[in-house]
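Okay, so here's the structure we're looking at.
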Amino acid sequence: MKVIQTQIPDALLIEPRVFGDDRGFFFESFNRKKFAELTGRDVDFVQDNHSRSVKGVLRGLHYQIQHPQAKLVRVVQGAVLDVVVDIRKSSPNFGQHVAVELSAENKRMFWIPEGFAHGFVVLSDSAEFLYKTTDYWSPEFERCIAWNDAQLSIDWQLQSAPLVSAKDAQGKAFKEADLFE
């Protein structure tokens with residue numbers, strides 16, 4: 001497993017060691033001991049989620065203001081542009097974002113610590129997205145920042161208007177959102 005620093009040091013891109021031959025491939029997608037050694041974080045995942053979306057679906061930017069969730073995300077079919085925004089007011093990277101492509105082909109994973117808003121847009125015809133979380137979903141604490149917030153100025157690499165949920169269409173402006181200290 002190889003850890004790659006992004007522009008925001010706490011958000012990490014992880015490349016697993018893949019063993020492949022003419023039969024297919026194998027890789028270890030998570031090993032708690034190795035993860036702790038490489039990231040400095042000993043995590044206890046409590047929930048696994050799996051979503052499937054079609055091309056152009058944009059989900060996000062989501063977070064929980066209480067019971068924040070750190071996430072380890074990956075794509076097992078298709079490709080997405082995965083985006084995180086640092087929403088920790090005390091961070092030197094406050095308000096900055098990182099965008100990475102995750103795909104079944106590149107097998108990369110993205111470590112998203114607590115204090116980040118998260119979203120993705122599907123680049124392929126469809127995509128299946130897996131994520132492990134360190135806390136349970138708490139709908140009463142869930143928040144959403146507008147995916148198209150002018151202050152954040154995220155390039156989602158869109159070719160047309162995205163498909164968003166009613167909830168995501170009502171996302172708050174970054175300057176009005178509940179944020180972490």
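Considered as a group, the residues in the stretch 55-99 that are of a type in the set (Gly, Ala, Ser) and under 10 Å from the mean Cα position of the chain (by Cα) include one that is nearest to residue 146 (Cα to Cα), and that residue is 60. The selection criterion, being over 15 Å from the mean Cα position of the chain (by Cα), modelled with pLDDT of 95 or more and basic (Lys, Arg), does not hold for residue 2.
Taken together, the residues in the stretch 1-19 that are over 23 Å from residue 85 (Cα atoms) and in contact with a Pro (Cβ under 8 Å, 6 or more places away or on another chain) amount to 1. Taken as a whole, the stretch 32-40 holds no residue that is in contact with a Pro (Cβ under 6 Å, 6 or more places away or on another chain) and either of a type outside the set (Gly, Ala, Ser) or without any contact (Cβ under 8 Å) to a residue 24 or more places away in the chain (or both). Apart from one condition, residue 74 fits all of (1) surrounded by fewer than 23 Cβ atoms within 10 Å (Cβ to Cβ); (2) of a type outside the set (Phe, Trp, Tyr); (3) in a strand (DSSP E or B); the exception is (1).
Evaluation of residue 139 against the conditions (1) more than 17 Å from the chain's Cα centre (by Cα); (2) closer than 20 Å to residue 7 by Cα shows that the sole unmet condition is (2). Could you grab me the full set of residues in the stretch 5-56 that are hydroxyl-bearing (Ser, Thr, Tyr) and modelled with pLDDT of 95 or more? If the condition is that a residue be hydroxyl-bearing (Ser, Thr, Tyr) and modelled with pLDDT of 95 or more, then 6, 51, 53 are the ones that fit. Only one of the listed residues (84, 43, 57, 75) is closer than 24 Å to residue 171 by Cα and either in contact with a Phe, Trp or Tyr (Cβ under 8 Å, 6 or more places away or on another chain) or without any contact (Cβ under 8 Å) to a residue 40 or more places away in the chain (or both). That residue is 84. So, residue 142, is that one at pLDDT below 95, surrounded by fewer than 20 Cβ atoms within 10 Å (Cβ to Cβ) and either over 30 Å from residue 20 (Cβ atoms) or touching a strand residue (DSSP E or B) at 6+ places or on another chain (Cβ under 7 Å) (or both) or not? Considered against the rule, which asks whether it is at pLDDT below 95, surrounded by fewer than 20 Cβ atoms within 10 Å (Cβ to Cβ) and either over 30 Å from residue 20 (Cβ atoms) or touching a strand residue (DSSP E or B) at 6+ places or on another chain (Cβ under 7 Å) (or both), residue 142 comes out as no. For the stretch 78-131, which positions are more than 16 Å from residue 54 (Cβ to Cβ), among the aliphatic types (A, V, I, L, M) and either modelled with pLDDT under 95 or assigned to a loop (DSSP other than H, G, I, E, B) (or both)? Listed by number, the list holds a single entry, 87. Could you list all residues from the stretch 153-181 that are touching a strand residue (DSSP E or B) at 6+ places or on another chain (Cβ under 6 Å), surrounded by 15 or more Cβ atoms within 10 Å (Cβ to Cβ) and assigned to a loop (DSSP other than H, G, I, E, B)? Hits for the stretch 153-181 are 154, 156, 162, 164, 171, 177.
The values are calculated or read from the model by the stated rules, or taken from the named source; none is laboratory data. Please read these numbers as outputs of a predicted model, since none were measured by experiment. Note that we place each Cβ from the backbone using ideal geometry, even for glycine, and neighbour counts take in every protein chain shown.
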